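J.: This is the structure I want to talk about, given as structure tokens.
The values are calculated or read from the model by the stated rules, or taken from the named source; none is laboratory data. What you see is a predicted model; the values in this text were computed from it and never measured. Neighbour counts run over all protein chains shown; Cβ positions are idealised from the backbone, glycine included.
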């Protein structure tokens with residue numbers, strides 16, 4: 001424990017800003033991944049254990065697209081769409097076969113793909129750590145807010161993630177498609193009986209999850225090193241976020257992701273060896289107090 | 001002596017132990033000895049997990065916490081105190097029971113996926129504590145320095161063959177005990193709760209208490225597996241408490257079958273063989289394993305032993321032999 | 001045996017039960033009838049501890065059982081069969097009943113002995129014979145026909161040797177001949193066990209044939225009580241049922 005460092009930082013606006021920014025970017029990226037996860041669970045009642053791999057694929061797609069085109073905009077969009085495609089195919093060909101089955105069966109199918117994706121990435125891109133590098137637009141000196149270091153790229157990521165989150169919320173809450181999705185989450189049989197092709201709907205939801213994870217991967221690529229194992233840690237953390245926030249709740253995922261991001265940022269100062277532990281402790285405490293998560297509803 | 005009696009189990013156990021004891025004589029191989037010792041640890045762990053999952057319907061993602069605690073407690077007790085091995089073993093099991101009681105009391109009332117995740121959270125919390133508490137556990141380097149093995153009752157666990165026999169004995173005894181629990185009145189009450197907890201409640205069954213007891217019992221046997229592992233590696237590593245251990249346990253159950261008592265044992269053998277063979281033939285371990293998993297999950301849809309037993313039972317019925325006896329049916333569950 | 005006084009329960013402003021006061025004599029056979037939504041199943045839920053009433057009391061043989069958990073109420077002698085058979089799919093009929101008897105006898109958590117305990121299995125076979133399920137002893141419950149599942153459901157309640165047995169629509173979902181077979185069994189059981197039997201039914205022919213007393217619930221209140229003859233011509237009861245052609249068959 002290093003309370004001294006933590007205390008010093010909390011009393012210094014510069015440090016506060018720097019750490020908070022770091023925490024925000026962690027949180028927003030986590031939010032994007034977790035949002036897809038929680039959406040898939042809310043509608044399909046499937047716990048997508050392969051979601052971390054979607055994030056990884058997004059990052060690697062981003063790497064290649066950026067190397068080919070040099071345009072970060074294209075990279076983000078392309079990586080997102082490519083991962084969305086992966087999500088769609090994954091759902092239509094494999095997940096659709098295990099609906100309604102034992103959750104362990106679903107876990108197994110997902111786990112099988114985690115292993116396959118990890119090795120596939122190793123084969124296509126190589127096992128070494130890779131780096132995408134910062135796009136030229138963002139190779140500018142950092143901003144100084146209240147004395148704290150704020151890289152413009154971080155601001156960009158937070159902003160974009162926020163916009164994406166808002167768009168997602170609008171989609172789910174305000175559009176007809178969103179209403180259908182929410183209805184399907186609540187009563188899939190009814191939705192099917194009303195003539196809506198639930199197959200397309202489920203595929204869409206999975207594709208949406210993939211899109212979000214792909215965006216997250218593309219946004220993380222400039223500031224993270226790419227390696228075939230990168231899906232695992234994101235998976236665990238995004239699960240924690242989803243569970244804490246409440247499975248099926250996007251708002252919950254947002255709040256929980258930010259909380260985890262900040263805990264990580266400030267926790268790594270005060271508890272350098274126990275940063276992960278803090279996260280798990282937080283999860284334990286939340287679940288004891290509210291077993292279905294902060295915004296969660298009871299599973300029928 | 002009917003199929004279901006304890007005497008029958010003891011006989012089968014004795015025979016299995018005899019075969020296991022003779023194997024290294026017939027086929028001397030260090031690899032075999034190592035395989036069986038590791039296999040005993042994992043088979044105990046996986047069978048105890050299936051006690052929860054298959055018989056109790058309680059899917060725990062954090063069962064590895066007992067494996068890790070078992071390994072570390074035993075190793076630390078042996079390193080730090082002068083106690084004899086049997087005492088350390090007993091004390092370790094007691095500690096696992098205590099952990100099971102505390103964690104279980106909090107988790108067991110939760111439903112399904114939340115139960116799974118909270119148990120996982122507790123396991124990872126334990127893992128984080130192990131990493132943090134460097135002076136006690138050695139942190140992420142693991143517990144070094146070996147485990148003192150004072151001989152007891154003529155058994156010297158420094159001798160690999162003694163360790164081998166001890167592991168086999170622990171495995172067989174553990175399996176017999178767990179099978180007895182499964183076939184006790186408690187075991188059937190547990191199955192009822194698995195099938196329909198609400199109705200069980202309306203039959204006067206104390207659902208929470210039964211589930212908690214099952215959780216604690218499962219934890220104790222998992223801890224025993226951890227002890228074997230710590231003796232095998234002469235120490236303890238944080239990996240023993242990492243979520244991947246729990247994942248492997250689930251994986252083993254899926255491979256071997258969760259509808260039969262010995263399914264997890266079969267699954268352990270399959271997993272260990274896969275681990276060893278696949279790495280020998282290809283560097284793309286993940287790809288191969290992933291495809292095999294998909295074959296199981298999408299193709300067989302059941303564990304291996306379940307498939308075999310179902311086919312055998314269908315043959316038996318078709319042949320007209322053995323109408324279901326008037327006793328409890330042949331379905332293991 | 002069972003006394004309910006001023007029992008009331010609301011769900012978010014909707015009064016499912018209002019000031020219901022009823023008395024059930026020991027060994028009586030009572031039918032509870034009423035249009036859908038009258039509160040019949042709510043009544044059972046309140047008595048068995050599945051729900052807590054907002055007001056009122058429930059007394060079993062003089063003892064106040066309000067607020068006790070379902071498990072505690074079961075131990076005191078009220079057992080219930082469900083409208084949709086609530087059973088244990090993967091276990092055999094014999095195993096289920098033996099385990100139930102075992103729970104009733106207090107052996108549910110025994111670790112030392114082996115299942116099945118002979119005394120429990122014998123009693124389970126008695127129940128099976130009573131219900132005519134003995135030839136299906138080794139059949140997994142999920143493979144049973146609908147009617148047999150309902151019988152098993154009743155068997156679970158019987159295995160608890162209750163003082164008060166509650167049957168929620170025992171003939172629901174059955175064809176005409178099956179219904180009468182079922183109800184004949186129910187009546188036989190009642191005569192043999194001498195328990196207080198309360199059942200919810202929609203089939204008026206059956207109700208009028210076998211019930212000693214009929215209680216009519218409507219909108220959560222007791223509309224009328226009496227013998228079949230009294231209820232048959234009761235103007236308010238007929239009015240409550242007007243429009244539901246099935247149910248006026250018997251009146």
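J.: Could you identify the single residue in C:137, C:99 that is within 9 Å of another protein chain (Cβ to nearest Cβ) and in contact (Cβ under 8 Å) with a residue 40 or more places away in the chain? First the steps, then the outcome.
T.: Numbers: C:99 fails: in contact (Cβ under 8 Å) with a residue 40 or more places away in the chain.
Result: C:137 is the single residue among C:137, C:99 that is within 9 Å of another protein chain (Cβ to nearest Cβ) and in contact (Cβ under 8 Å) with a residue 40 or more places away in the chain.
J.: Exactly one of (1) touching a helix residue (DSSP H, G or I) at 6+ places or on another chain (Cβ under 8 Å); (2) closer than 24 Å to residue C:73 by Cβ is unmet by residue C:171. Its number?
T.: All conditions pass for residue C:171, except number (2).
J.: Further question: Can you tell me which residue in region A:121-138 is farthest from the other protein chains (Cβ to nearest Cβ), limited to those that are outside any loop (DSSP other than H, G, I, E, B) and touching a helix residue (DSSP H, G or I) at 6+ places or on another chain (Cβ under 7 Å)?
T.: First pass over region A:121-138, keeping only residues outside any loop (DSSP other than H, G, I, E, B): A:121-125, A:130, A:136-138.
Still in the list and also touching a helix residue (DSSP H, G or I) at 6+ places or on another chain (Cβ under 7 Å): A:121, A:125, A:130, A:137-138.
Details: A:121: 10, A:125: 14, A:130: 18, A:137: 36, A:138: 34 Å.
So, considering only residues that are outside any loop (DSSP other than H, G, I, E, B) and touching a helix residue (DSSP H, G or I) at 6+ places or on another chain (Cβ under 7 Å), the one farthest from the other protein chains (Cβ to nearest Cβ) is A:137.
J.: If I go through region B:287-331 residue by residue, how many of them are modelled with pLDDT under 85, within 13 Å of another protein chain (Cβ to nearest Cβ) and farther than 21 Å from residue B:256 by Cβ?
T.: Summing the residues that are modelled with pLDDT under 85, within 13 Å of another protein chain (Cβ to nearest Cβ) and farther than 21 Å from residue B:256 by Cβ in region B:287-331 gives 9.
J.: Further, regarding this structure: Answer yes if at least one residue in region A:188-203 is crowded, with 24+ Cβ neighbours inside 10 Å and touching a residue at least 12 places away in the same chain (Cβ under 8 Å), and no otherwise.
T.: To start, the set of residues in region A:188-203 that are crowded, with 24+ Cβ neighbours inside 10 Å comprises none.
No, there is no match, as no residue in region A:188-203 is crowded, with 24+ Cβ neighbours inside 10 Å and touching a residue at least 12 places away in the same chain (Cβ under 8 Å).
J.: Here is a further query. Specify which of the listed residues (A:8, A:18, A:75, A:83) is in contact with a helix residue (DSSP H, G or I) (Cβ under 9 Å, 6 or more places away or on another chain) and free of Cβ contacts under 8 Å to residues at least 24 places away in the same chain.
T.: On the way: A:18 fails: free of Cβ contacts under 8 Å to residues at least 24 places away in the same chain; A:75 fails: free of Cβ contacts under 8 Å to residues at least 24 places away in the same chain; A:83 fails: free of Cβ contacts under 8 Å to residues at least 24 places away in the same chain.
Of A:8, A:18, A:75, A:83, the one residue that is in contact with a helix residue (DSSP H, G or I) (Cβ under 9 Å, 6 or more places away or on another chain) and free of Cβ contacts under 8 Å to residues at least 24 places away in the same chain is A:8.
J.: Just one of A:6, A:74, A:57, A:68 is under 30 Å from residue B:116 (Cβ atoms) and in a helix (DSSP H, G or I); which is it? Steps first, please.
T.: On the way: A:6 fails: under 30 Å from residue B:116 (Cβ atoms); A:74 fails: under 30 Å from residue B:116 (Cβ atoms); A:68 fails: under 30 Å from residue B:116 (Cβ atoms).
None of the other options fit; the residue is A:57.
J.: Go through region A:270-285 and give me each residue that's within 7 Å of chain B (Cβ to nearest Cβ) and assigned to a helix (DSSP H, G or I). Give the steps one after another, and end with the answer.
T.: To start, the set of residues in region A:270-285 that are within 7 Å of chain B (Cβ to nearest Cβ) comprises A:273-274, A:276-277, A:280-281, A:283-284.
Once the filter is applied, which keeps residues that are within 7 Å of chain B (Cβ to nearest Cβ) and assigned to a helix (DSSP H, G or I), region A:270-285 yields A:276, A:277, A:280, A:281, A:283, A:284.
J.: Considering each of C:43, C:115 in turn, give the residue that is out of contact with any strand residue (DSSP E or B) (no Cβ under 6 Å at 6 or more places or on another chain), crowded, with 23+ Cβ neighbours inside 10 Å and touching a residue at least 60 places away in the same chain (Cβ under 8 Å). Steps first, answer last, please.
T.: Values: C:115 fails: touching a residue at least 60 places away in the same chain (Cβ under 8 Å).
When all the criteria are applied, what remains is C:43.
J.: Go through region B:194-228 and give me each residue that's in contact with a strand residue (DSSP E or B) (Cβ under 9 Å, 6 or more places away or on another chain) and part of a helix (DSSP H, G or I).
T.: Matches in region B:194-228: B:226 only.
J.: Could you say whether any residue in region A:223-240 is closer than 27 Å to residue B:118 by Cα, assigned to a loop (DSSP other than H, G, I, E, B), within 14 Å of chain B (Cβ to nearest Cβ) and at pLDDT 85 or above?
T.: If we filter region A:223-240 for residues that are closer than 27 Å to residue B:118 by Cα, which is where we start, we get A:229-240.
Adding the requirement that they be assigned to a loop (DSSP other than H, G, I, E, B) leaves A:229.
If we keep only those that are within 14 Å of chain B (Cβ to nearest Cβ) too, we end up with A:229.
After this cut, where a residue has to be at pLDDT 85 or above as well, the list is none.
No, there is no match, as no residue in region A:223-240 is closer than 27 Å to residue B:118 by Cα, assigned to a loop (DSSP other than H, G, I, E, B), within 14 Å of chain B (Cβ to nearest Cβ) and at pLDDT 85 or above.
J.: Here is a follow-up. Provide a single number: the residues in region B:155-190 that are touching a helix residue (DSSP H, G or I) at 6+ places or on another chain (Cβ under 8 Å), within 14 Å of chain C (Cβ to nearest Cβ) and without any contact (Cβ under 8 Å) to a residue 60 or more places away in the chain.
T.: Residues meeting the conditions: 5.
J.: Next up: Out of the residues in region C:53-64 meeting the condition of being surrounded by fewer than 17 Cβ atoms within 10 Å (Cβ to Cβ) and closer than 15 Å to residue C:20 by Cβ, tell me which one is nearest to the other protein chains (Cβ to nearest Cβ). Lay out the reasoning, then the answer.
T.: Here is the first cut: in region C:53-64, the ones surrounded by fewer than 17 Cβ atoms within 10 Å (Cβ to Cβ) are C:54-55, C:57, C:59, C:61-64.
The next check asks that each one be closer than 15 Å to residue C:20 by Cβ; those that pass are C:54-55, C:57, C:59.
Numbers: C:54: 22, C:55: 24, C:57: 21, C:59: 20 Å.
Step by step, filter region C:53-64, then rank; the result is C:59.
J.: Go through (1) within 14 Å of chain A (Cβ to nearest Cβ); (2) at pLDDT 95 or above one by one and return the number of the condition residue B:67 breaks.
T.: It is condition (1) that residue B:67 fails.
J.: So residue B:266 fits all but one of (1) away from every other protein chain (no Cβ under 13 Å); (2) in contact (Cβ under 8 Å) with a residue 40 or more places away in the chain; (3) over 11 Å from the mean Cα position of the chain (by Cα); what number is the exception?
T.: Going through (1) away from every other protein chain (no Cβ under 13 Å); (2) in contact (Cβ under 8 Å) with a residue 40 or more places away in the chain; (3) over 11 Å from the mean Cα position of the chain (by Cα) one by one, residue B:266 breaks only (2).
J.: In addition: What single numbered condition from (1) surrounded by fewer than 19 Cβ atoms within 10 Å (Cβ to Cβ); (2) under 25 Å from residue A:122 (Cα atoms); (3) at pLDDT 85 or above fails to hold for residue B:281?
T.: Answer for residue B:281: the failing condition is (3).
J.: Right, something else. If a residue has to be crowded, with 21+ Cβ neighbours inside 10 Å and not in a helix (DSSP H, G or I) to count, how many in region C:93-112 make the cut?
T.: Within region C:93-112, residues that are crowded, with 21+ Cβ neighbours inside 10 Å and not in a helix (DSSP H, G or I) number 1.
J.: Scan region C:74-92 residue by residue and report those that are more than 9 Å from chain B (Cβ to nearest Cβ) and either over 17 Å from residue C:195 (Cβ atoms) or not in a loop (DSSP other than H, G, I, E, B) (or both). Walk me through it before giving the result.
T.: From region C:74-92, those more than 9 Å from chain B (Cβ to nearest Cβ) are C:76-78, C:81, C:83-85; that's our starting set.
The answer is C:78, C:81, C:83, C:84, C:85.
J.: Taking region C:208-221, which residues are surrounded by fewer than 22 Cβ atoms within 10 Å (Cβ to Cβ) and either touching a residue at least 40 places away in the same chain (Cβ under 8 Å) or farther than 19 Å from residue C:183 by Cβ (or both)?
T.: Residues of region C:208-221 that are surrounded by fewer than 22 Cβ atoms within 10 Å (Cβ to Cβ), as a first pass: C:208-210, C:212-213, C:218-219, C:221.
C:208, C:210, C:212, C:213, C:218, C:219, C:221, listed by residue number.
J.: Moving on to the next point. Just checking, does region B:139-154 include any residue being crowded, with 16+ Cβ neighbours inside 10 Å, within 14 Å of chain A (Cβ to nearest Cβ) and touching a residue at least 24 places away in the same chain (Cβ under 8 Å)?
T.: Checking region B:139-154: not a single residue is crowded, with 16+ Cβ neighbours inside 10 Å, within 14 Å of chain A (Cβ to nearest Cβ) and touching a residue at least 24 places away in the same chain (Cβ under 8 Å).
J.: Could you please let me know if residue A:141 is in a loop (DSSP other than H, G, I, E, B), over 21 Å from residue A:44 (Cβ atoms) and more than 14 Å from chain B (Cβ to nearest Cβ)?
T.: On the way: in a loop (DSSP other than H, G, I, E, B): yes; over 21 Å from residue A:44 (Cβ atoms): yes; more than 14 Å from chain B (Cβ to nearest Cβ): yes.
So residue A:141 fits the description; yes.
J.: Also, quick follow-up: Would you check which residues across region C:191-232 are in contact with a helix residue (DSSP H, G or I) (Cβ under 7 Å, 6 or more places away or on another chain) and in a loop (DSSP other than H, G, I, E, B) and list them?
T.: Correct list: C:201, C:202, C:203, C:211.
J.: The conditions are (1) over 30 Å from residue B:57 (Cβ atoms); (2) surrounded by fewer than 21 Cβ atoms within 10 Å (Cβ to Cβ), and residue C:67 fails exactly one of them. Which is it?
T.: (1)
J.: Looking at region B:23-35, is at least one residue touching a residue at least 24 places away in the same chain (Cβ under 8 Å) and within 14 Å of chain A (Cβ to nearest Cβ)?
T.: No, region B:23-35 has no match at all.
J.: May I pose another question? Among the residues of region A:169-182, write down those that are more than 21 Å from the chain's Cα centre (by Cα) and closer than 25 Å to residue A:54 by Cβ.
T.: To start, the set of residues in region A:169-182 that are more than 21 Å from the chain's Cα centre (by Cα) comprises A:174-177, A:179-180.
Within region A:169-182, A:175, A:177, A:180 meet the criteria.
J.: List the residue pairs whose Cβ atoms are under 7 Å apart, where the first residue sits in region A:272-298 and is in contact (Cβ under 8 Å) with a residue 60 or more places away in the chain, the second is part of a helix (DSSP H, G or I), and the two are 6 or more positions apart or on different chains.
T.: From residues that are in contact (Cβ under 8 Å) with a residue 60 or more places away in the chain, the pairs are A:274/B:128; A:274/B:132.
J.: If a residue counts only when it is within 16 Å of the chain's Cα centre (by Cα) and surrounded by fewer than 24 Cβ atoms within 10 Å (Cβ to Cβ), which helices (runs of 4 or more DSSP H) contained entirely in region B:27-112 have at least 3 such residues? Step through it out loud before you land on a result.
T.: Numbers: elements: B:30-53, B:64-80, B:85-107.
It comes to B:30-53.
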